[in-house]
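J.: Dropping a structure here in structure tokens format, bear with me for questions.
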Amino acid sequence: MTVEAQGRRGKRTRVWVALSAVALIIALLIVPPYVSISRYKNRISQVLAASIGRPVRLSSVELRILPRPSFVLTDLVVEEDPAYGAEPVLYANTVTASIRLLPLWRGGLEISRISVDEASLNLVRTGAGRWNMDPFFRSAAGGVTGSAGARTIPFPYLEATNSRVNVKNGVEKLPYSLVNADLSFWQESPGVWRVRLRGQPARTDVSLGLPDTGTVRLEASLRRAPELHQMPVHIDLDWREAQLGQLSRLVLGSDEGWRGDLTGELHLDGTAEAAQVKARLRATGVHRAEFAPASAIDFDASCGFVYHYSTRGLEKVLCDSPVGDGRARLREGVPGQAGEPQLSLELDRVPVQIALDALRTLRRGLDPSLQAAGTMSGQISYAASTGAIPPRATGQTPRKGTNARTSKLHAVPAGPLSGAISVAGLRITGDGLSKPIQVAKMTIEPAAGTAPALMATAAIPAGAPLPLNVTARLSLSDYQLGVRGPAALPRLREMARLGGIPNVSLLDNVNGQPALIDLSADGPWLPPPPPLEAPLSTASAGSASAGSTGGAEKSSPAPVAGGSDRMSGTVTLRAATWKADFLANPVQITAATLRVDNAGERWDPVEFRYGPVWGTAMFQLPASCDPESSCPPTFGVRFESLDSAALEAAILGARQSDTLLSNLLARLRSDNAPGWPELEGTVQAGELTLGPVTLNDAAASLRIGAAATEITTLDADLLGGRIHATGSVTPGAKPVYKLAGSFTGLNAAGAGQLLGMTWAGNGLEGTGQIELTGFTAEDLGTSAKGTLHFDWRHGSVSEANDIEFPPVLSRFDRWTADAEIANGAITLKQNQVERGVHKLAVAGSAVFGDPPTVSFGSSLEDRAARR
């Protein structure tokens with residue numbers, strides 16, 4: 001054959017191959033949509049169910065040829081084992097199942113790869129501790145037998161992208177999940193399985209910034225075993241780029257105000273029954289959100305231990321971490337249910353600042369400027385059945401400074417803890433401290449009792465002749481703190497503010513002798529997340545008995561900083577003074593007790609003197625309050641006897657420039673005058689003198705505000721009768737008084753005596769209202785305006801002080817009258833005197849003064865009767 005003929009044949013061959021390829025491609029693109037494979041739907045479901053080991057349902061199947069032969073499944077549902085619940089274990093809208101080509105030539109159908117996107121996978125744990133993946137792994141490990149039983153169907157490569165992994169505890173779906181998850185599961189070699197997972201932790205019941213919750217990555221291999229917990233496994237797990245603020249929202253449900261970055265690693269080899277675990281936890285820049293410390297908390301802790309799943313126990317524990325310039329080490333074992341737990345914590349020159357930073361990171365309210373100097377060294381051991389210290393590791397020598405004498409001074413109490421930690425050179429400084437708090441030496445040792453806890457006691461100088469005794473009981477979950485002893489008031493205010501104690505302002509502007517403190521506080525280290533709705537205040541807003549001086553009642557402690565912390569106890573003052581901006585002079589306090597309990601904070605009783613005024617008082621702050629409602633503090637004041645002129649002079653000052661209170665008037669006239677705080681309460685007086693009138697058993701309910709004081713009720717005995725009134729007092733250049741009320745049973749003789757006349761008969765009844773302005777009696781008299789109505793039955797008026805009065809008043813059956821108060825006098829208006837069948841009217845007035853000037857005019861009826 002010639003070369004030319006061979007060239008023509010090769011050219012024709014290439015053309016036919018090209019045409020055949022084009023025809024095949026066209027067929028692959030055009031023919032599949034016209035090929036019905038719906039009759040294979042059940043067969044495909046059976047193959048998938050056999051490959052996965054779970055019943056499978058799907059709604060439709062399509063054939064796809066390119067890029068490789070596969071089925072596109074719609075609405076794939078993988079049913080759950082009824083032992084783990086009714087909800088499907090997997091749901092996906094669209095699934096691609098790739099087909100193995102060689103089995104097709106033999107007439108078989110096998111799936112090589114199952115790919116799902118945006119699927120939802122449920123991991124279920126029963127109350128007995130079994131997982132719904134256990135049967136799946138066992139069936140996968142054992143292989144899947146074909147329909148004829150002659151051969152084993154290879155397990156397909158499973159992968160999920162952009163999916164969600166949910167966690168359930170029985171039938172209850174927990175709020176925790178992995179989102180944007182990529183999951184792969186495949187058989188690397190016979191009997192060896194690989195798992196790869198990547199996702200972002202999320203929580204469904206709170207709003208999270210997902211980029212800040214970090215990324216979880218898992219690489220695992222498993223080997224065939226009859227039970228899941230018997231499978232040899234190797235796991236590499238890490239959680240990176242987690243921001244502590246979002247991490248606290250994820251774990252606790254609320255942002256606890258922590259900031260910093262956290263990275264965790266875990267490596268596991270073995271089986272669930274005996275797993276060798278190595279873990280590493282690193283944190284950088286840990287601090288609270290409200291402040292940036294000079295040196296944030298950084299730590300890098302490494303741990304190794306053996307974990308036993310059946311007993312939930314640990315053994316051969318060894319954790320080691322550098323802490324500042326010192327070191328912390330956790331050793332020994334915790335066997336769990338199978339044995340007696342033992343644990344030992346060793347500290348070697350660990351800076352106290354680390355403990356302060358940790359406390360400040362956990363809890364709000366501590367002063368960010370606080371700094372602590374000093375170190376902690378020692379060992380605390382835990383043994384469940386005895387207080388004995390576990391044997392030391394070989395080569396370990398007793399720490400310097402530990403001797404027999406120290407052991408005798410600090411006897412080991414009966415309990416699971418033993419040992420001691422010494423704190424040396426403790427010195428606390430801060431912007432809020434006028435001088436440092438110093439404790440030369442302090443020992444932290446086990447507390448008496450069976451519950452594991454540590455106890456520390458320190459004597460802290462607080463500006464008094466004797467130091468404050470501070471005791472603390474610390475456990476893993478909570479703390480208890482007690483403070484007892486004297487403290488100078490300036491130092492007490494400093495320490496209270498540094499500790500974040502609320503309502504420290506109760507001690508502002510108080511000076512005098514050292515206070516006697518007896519306070520205790522307790523609470524968890526991590527407060528629970530706040531409720532969805534703030535609870536309504538349960539503190540009573542009503543007024544309390546102003547004269548109550550009863551002892552402290554036993555009650556549950558009151559909440560303080562942190563929301564779940566509680567405080568109770570007393571602070572007692574003697575010979576102190578209190579100066580408020582809205583008062584001209586300081587209040588002299590003979591004795592006062594601040595009580596802290598479940599009702600809030602209250603001063604009860606307070607024995608005080610303000611100028612010439614003596615009395616007892618109670619002042620209370622509510623424990624909690626609805627933010628949408630007003631919950632002002634309440635007070636109660638009681639006087640045995642009180643003169644209104646003295647009270648007015650004490651509170652508002654006098655007009656004379658040479659008095660101690662004259663400067664207050666200038667402040668009252670100023671636009672920048674300090675206003676009264678919002679208060680509600682009662683004022684009681686055994687005797688209240690109002691000029692020539694004395695009220696007995698007077699009680700008034702007041703609502704004090706910056707703009708005015710409202711008198712909601714005023715009740716008192718007057719001239720043998722009873723009065724009831726309401727009103728207000730408005731401060732200004734001159735205070736404005738408004739009163740409206742009624743009176744019943746006023747003694748006629750007493751009322752006449754006020755006017756310099758002799759009256760007799762039944763009691764008077766009536767109503768009235770009046771408005772007065774000013775400070776002095778002259779100001780009040782000339783500014784008074786209002787109305788008065790009275791009704792007097794069976795009375796008589798006799799001459800006195802040369803006052804001429806109408807004869808009809810010498811004896812009458814009833815006298816009703818309306819009077820006007822104006823221009824410094826009370827003037828009779830419409831009135832009627834009934835005497836038998838006669839009804840007459842009289843004219844008269846009383847000019848305010850001391851004594852008042854009373855005069856009567858003659859009416860037409862009087863003049864006619866005389867003629």
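The values are calculated or read from the model by the stated rules, or taken from the named source; none is laboratory data. Computed from a predicted structure; not experimentally measured. Positions of Cβ are generated from backbone atoms using ideal geometry, with glycine treated the same way; all protein chains shown enter the neighbour counts. Note: accessible area is taken over every heavy atom of the protein model, side chains too, but ligands, DNA and RNA are not part of it. Shrake-Rupley method; radii C 1.70, N 1.55, O 1.52, S 1.80 Å.
J.: Can you give the extra length, in nm with one decimal, that the chain gains between Lys435 and Tyr309 once fully stretched, where that is 0.36 nm per residue apart less the Cα-Cα distance?
T.: Additional length available on full extension: 40.0 nm.
J.: Moving on. Stretch Arg194-Glu834 to full length: gain in nm at 0.36 nm per residue minus the Cα-Cα span?
T.: 219.0 nm
J.: May I pose another question? Between Ala843 and Trp131, with labels modelled 7 Å along Cα→Cβ, what's the label distance in nm to one decimal, could you check?
T.: Label at Ala843, label at Trp131, 10.8 nm between them.
J.: In addition: Take Lys173 and Asp779, extend 7 Å from each Cα along the Cα→Cβ direction, and tell me the distance between the two endpoints in nm.
T.: It is 7.4 nm.
J.: Using a Förster distance of 60 angstrom, determine the FRET efficiency expected from the C-beta separation of Thr457 and Ala733, and round it to 0.05.
T.: Once the sixth-power term is evaluated, E becomes 0.50.
J.: Out of every Cα-Cα pair in the stretch 421-514, what percent are more than 21 Å apart?
T.: In whole percent, the share of Cα-Cα pairs in the stretch 421-514 beyond 21 Å is 39.
J.: Rank these by accessible area, largest first, 1.4 Å probe: Thr776, Thr782, Thr215, Thr94.
T.: Putting Thr776, Thr782, Thr215, Thr94 in descending order of accessible area: Thr782, Thr94, Thr776, Thr215.
J.: Ok, one more. With every protein chain present, what is the per residue accessible area of the stretch 789-839 (1.4 Å probe, Å²)?
T.: With the other protein chains kept in place, the stretch 789-839 gives 57 Å² per residue.
J.: Based on the Kirkwood radius over alpha-carbon pairs, what value in µm²/s does the Stokes-Einstein equation return for the translational diffusion coefficient of the stretch 680-804 at 4 °C and 1.567 mPa s?
T.: After rounding, the answer is 82 µm²/s.
J.: Using each residue's phi in the stretch 841-853, evaluate 6.51 cos²θ - 1.76 cosθ + 1.60 at θ = phi - 60° and report the 3J(HN,Hα) Karplus result to the nearest Hz, with x for Gly and Pro.
T.: Values, residue by residue: 10, 10, 10, x, 7, 9, 8, 4, x, 10, x, x, 9 Hz.
J.: Moving to a separate point now. Give the Kirkwood hydrodynamic radius (Å, one decimal) of the stretch 162-239, defined as one over the mean of 1/r across all pairs of different Cα atoms.
T.: After inverting the mean inverse Cα-Cα distance, the result is 14.1 Å.
J.: May I ask you to compute the full-extension gain from Asp518 to Asn696, defined as 0.36 nm times their residue separation minus their alpha-carbon distance, rounded to one decimal in nm?
T.: 60.2 nm
J.: Something else now. Please list the non-local residues whose amide H lies under 5 Å from the amide H of Ala464, H modeled 1.01 Å from N, same-chain partners needing a gap of 5 or more.
T.: Excluding prolines and chain starts, which carry no amide H, the hits are Ala488.
J.: Taking a point 7 angstrom from the Cα of Ala646 along the C-beta vector, which residues in the stretch 603-620 have backbone N less than 12 Å away?
T.: Residues 609-615 qualify, since their backbone N sits under 12 Å from the label point.
J.: Set the Förster radius R0 to 41 Å, insert the Cβ-Cβ distance between Ala86 and Ala355 as r into 1/(1 + (r/R0)^6), and round the FRET efficiency to 0.05.
T.: It comes out at approximately 0.20.
J.: Please list, in order along the stretch 170-175, the HN-Hα scalar couplings obtained from phi with the Karplus expression 6.51 cos²θ - 1.76 cosθ + 1.60 (θ = phi - 60°), rounded to whole Hz, x for Gly and Pro.
T.: The phi angles translate into x, 8, 8, 8, 6, x Hz.
J.: May I ask you to evaluate 6.51 cos²θ - 1.76 cosθ + 1.60, the Karplus curve with θ = phi - 60°, for each residue of the stretch 739-750 and list the ³J(HN,Hα) values in order in whole Hz, giving x for glycine and proline?
T.: My calculation for the stretch 739-750 gives 9, 9, x, 9, 9, 9, x, 5, 5, 5, 5, x Hz in order.
J.: Say each of Lys579 and Ala707 gets a label point 7 Å from the Cα, pointing the same way as Cα to Cβ; how far apart are those two points in nm?
T.: In this crude spin-label approximation the distance works out to 3.1 nm.
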